[in-house]
Amino acid sequence: MEASTVRTPRVGSSLAPPGPGARLAEGFLGPIRNALRTAGDIGVFVGRTLIELGGVWRYSAEILRQAGILIAGSAVIVCFMVFLMGVVCGTEANYVLRGYGATVYSGVFTSYCMVREMIPHMFGYILSAKVGCGLCAEIGAMRIQDELDAMESMGLNPLRYVVATRLVAGWLVLPFFFILATASGFAALYLIIVVQIGEVSQGGWEHVHWAFSTPADFFYSFLRVMLTGTVILLLGMYYGYRASGGPIGVGTATAKSMILNLVLLHFILAGMTMMIWGLNPNAPIGG
């Protein structure tokens, strides 16, 4: 190469390296632009998925198959983890109120702890870690192995057959998960407070517990489970659908889906707690 062909870039030209100010601005604005771009892409993905729900019922066999996979793979772990949270809530209710000589009011603590908070939170944790990551890895593997492209070449819409069917399957099983998990959590409360510790009779605990558990509380708890579950399913499938870069890319997409799901889970649940109950928990105590 001749020496004349190698020239130093002129100041202000497109080849000149950016200055410190430009690099600093890019360091602040770059992540914001990427986040906004990703949010827009997620919005488009969710919108297209919801549009495809109109024709998803022709794949009812696939919906039932995915529902069976969710039940067989996640029902036991969800109920078991909610049972453990019932153990924690029951133990804390008894020993915290014992210091005030008010263990008879353990049902107040267990009602608020389980119905309003711990059941939706534990659902979100399990769905994020197991179901959301599982869907992301599964669909991501289909993407990098060109299975989704093969579906499109055969005239089969992967958004409808792969994504929408799994979303509907999740909607079908989440109500049953909620009922079973709530029952397992209440069973744990009974075993800890009435059977193991035994400072409160069964009738005394049940009277207070059900007095503080209103039908509205159960409805709002179920609504929070359905909303967070929908968000977790959609985000997991989005990152899997957009995965690229081979197995490493699938692993990266799975990690991103779990991180974002856990962050949004707490924002959604905390926001709904403030919107529904606010600073007035409707506790019929005192004057």
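The values are calculated or read from the model by the stated rules, or taken from the named source; none is laboratory data. Fair warning: this is a prediction, and the values are worked out from it, not measured in the lab. Glycine also receives a Cβ, built like all others from the backbone with ideal geometry; neighbour counts cover every protein chain displayed.
Here is a yes/no grid of residues against (1) touching a residue at least 24 places away in the same chain (Cβ under 8 Å); (2) farther than 30 Å from THR91 by Cα; (3) in a helix (DSSP H, G or I); (4) out of contact with any Ser or Thr (no Cβ under 9 Å at 6 or more places or on another chain):
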{"position": "ARG160", "(1), (2), (3), (4)": "yes, yes, yes, no"}
{"position": "VAL163", "(1), (2), (3), (4)": "yes, yes, yes, no"}
{"position": "ALA181", "(1), (2), (3), (4)": "yes, no, yes, yes"}
{"position": "HIS209", "(1), (2), (3), (4)": "yes, no, yes, no"}
{"position": "SER213", "(1), (2), (3), (4)": "yes, no, no, no"}
{"position": "VAL231", "(1), (2), (3), (4)": "yes, yes, yes, yes"}
{"position": "ALA243", "(1), (2), (3), (4)": "yes, yes, no, no"}
{"position": "PRO247", "(1), (2), (3), (4)": "yes, yes, yes, yes"}
| said: Going through GLY140, GLY68 one at a time, which residue ends up being crowded, with 17+ Cβ neighbours inside 10 Å and closer than 30 Å to PRO158 by Cβ? | reply: GLY140
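Filter the range 261-282 down to residues that are over 14 Å from GLU117 (Cβ atoms) and either outside any helix (DSSP H, G or I) or in contact with a Lys or Arg (Cβ under 8 Å, 6 or more places away or on another chain) (or both) and give me whichever is modelled with the highest pLDDT. Explain how you work it out, then say what you get.
Keep residues of the range 261-282 that are over 14 Å from GLU117 (Cβ atoms), which gives 261-264, 267, 275, 278-280, 282.
Adding the requirement that they be either outside any helix (DSSP H, G or I) or in contact with a Lys or Arg (Cβ under 8 Å, 6 or more places away or on another chain) (or both) leaves 278-280, 282.
Working: GLY278: 74, LEU279: 66, ASN280: 63, ASN282: 60.
Once the filter is applied, the top-ranked residue is GLY278.
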| message | Yes or no: the range 92-101 includes at least one residue that is crowded, with 20+ Cβ neighbours inside 10 Å and either touching a residue at least 40 places away in the same chain (Cβ under 8 Å) or among the hydroxyl-bearing types (Ser, Thr, Tyr) (or both). | response | yes
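Kindly indicate which of LEU180, LEU135, LEU172 is modelled with pLDDT of 90 or more and either among the aromatic types (Phe, Trp, Tyr) or surrounded by 20 or more Cβ atoms within 10 Å (Cβ to Cβ) (or both).
When all the criteria are applied, what remains is LEU135.
Yes/no per residue for (1) among the acidic types (Asp, Glu); (2) surrounded by 15 or more Cβ atoms within 10 Å (Cβ to Cβ); (3) under 22 Å from PHE186 (Cα atoms):
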position	(1), (2), (3)
PHE212	no, yes, yes
ALA216	no, no, yes
ILE248	no, no, no
ILE259	no, no, no
LEU262	no, yes, no
PHE267	no, no, no
MET274	no, no, no
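Hey, does the range 114-128 have a residue that's more than 17 Å from the chain's Cα centre (by Cα), under 23 Å from HIS266 (Cβ atoms) and either part of a loop (DSSP other than H, G, I, E, B) or of a type outside the set (D, E, K, R) (or both)? Spell out how you get there, then give the answer.
Taking the range 114-128 and keeping what is more than 17 Å from the chain's Cα centre (by Cα), we get 114-115.
Still in the running and under 23 Å from HIS266 (Cβ atoms): 114-115.
The next check asks that each one be either part of a loop (DSSP other than H, G, I, E, B) or of a type outside the set (D, E, K, R) (or both); those that pass are 114-115.
Taking every residue of the range 114-128 in turn, at least one turns out to be more than 17 Å from the chain's Cα centre (by Cα), under 23 Å from HIS266 (Cβ atoms) and either part of a loop (DSSP other than H, G, I, E, B) or of a type outside the set (D, E, K, R) (or both).
Report yes if some residue within the range 197-204 is at pLDDT 90 or above, assigned to a helix (DSSP H, G or I) and surrounded by fewer than 21 Cβ atoms within 10 Å (Cβ to Cβ); otherwise report no.
Just the residues of the range 197-204 that are at pLDDT 90 or above, to begin with: none.
There is no residue in the range 197-204 that is at pLDDT 90 or above, assigned to a helix (DSSP H, G or I) and surrounded by fewer than 21 Cβ atoms within 10 Å (Cβ to Cβ).
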